[in-house]
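Asks: Just passing along the structure, written as structure tokens.
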Amino acid sequence: MNPKNKGFTLIELMIVVAIIGILAAVAIPAYQDYLTRAQVAEAFSLSDGFKVVVGDFYVDEGVLTNISNGYKGIPASTGTVGKYVDQVGLSGGVISARMGNDASAVVAGDILVLSPITHSGSLEWACKSTTLADKYLPAACK
């Protein structure tokens with residue numbers, strides 16, 4: 001009599017483990033990059049409220065040099081925070097959002113800067129960072 005084998009052989013199990021390891025080696029870094037980009041996007045979105053205030057100020061005053069945190073109800077830089085952003089500052093119309101310690105170690109402490117550019121009475125925004133890698137910047141900054 002020849003008994004029937006049931007279950008998986010050792011080589012089959014080793015192949016499955018190897019495939020799972022290869023998939024994890026690709027997926028984990030990609031997911032970490034995705035999470036970091038989402039955290040930086042929070043800084044960009046928290047800056048949106050400041051863009052409106054700066055735009056209103058520019059329409060009323062015609063200049064941007066005098067606007068900063070605390071002016072006409074603009075919150076203090078530490079008053080605007082998020083889960084991954086520990087402050088959003090405003091000085092001379094330039095908005096700076098600093099990533100907090102809860103952000104990914106790759107971007108913690110880095111600063112996203114939004115600078116207004118005046119064109120014939122309207123504002124456009126230049127987004128940049130000297131510390132954040134370009135791959136983490138929102139699409140609007142590229």
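Asks: Residue 52 - would you say it is free of Cβ contacts under 8 Å to residues at least 24 places away in the same chain, of a type in the set (A, V, I, L, M) and farther than 25 Å from residue 124 by Cβ?
Replies: In short, no.
Asks: Quick test of your reading of the structure: residue 63 fulfils all but one of (1) assigned to a helix (DSSP H, G or I); (2) closer than 30 Å to residue 121 by Cβ; (3) aliphatic (A, V, I, L, M). Name the failing condition by number.
Replies: Failing condition for residue 63: (1).
Asks: Still on this structure, please answer the following. If you check residue 88 against the conditions, is it among the β-branched types (Val, Ile, Thr), more than 19 Å from residue 127 (Cβ to Cβ) and either outside any helix (DSSP H, G or I) or over 23 Å from the mean Cα position of the chain (by Cα) (or both)?
Replies: no
Asks: Quick check on this structure: which one of 85, 113, 106, 81 is surrounded by fewer than 18 Cβ atoms within 10 Å (Cβ to Cβ), closer than 24 Å to residue 134 by Cβ and among the hydrophobic types (A, V, I, L, M, F, W, C)?
Replies: Going through 85, 113, 106, 81 in turn, the sole match is 106.
Asks: I'd like the full set of residues that are farther than 24 Å from residue 132 by Cβ and crowded, with 19+ Cβ neighbours inside 10 Å, limited to the range 35-66.
Replies: Within the range 35-66, 57 is the sole residue that qualifies.
Asks: Suppose we keep only residues that are in contact with a Leu (Cβ under 9 Å, 6 or more places away or on another chain), at pLDDT 90 or above and of a type in the set (S, T, N, Q) within the range 88-128. Which one would you say is farthest from residue 45 (Cα to Cα)?
Replies: Among those residues, the one meeting the criterion is 104.
The values are calculated or read from the model by the stated rules, or taken from the named source; none is laboratory data. A quick note: this is a predicted structure, and the numbers were derived from the prediction, not measured. Quick reminder, even Gly has a Cβ in these numbers, built from the backbone with ideal geometry, and neighbours come from all protein chains shown.
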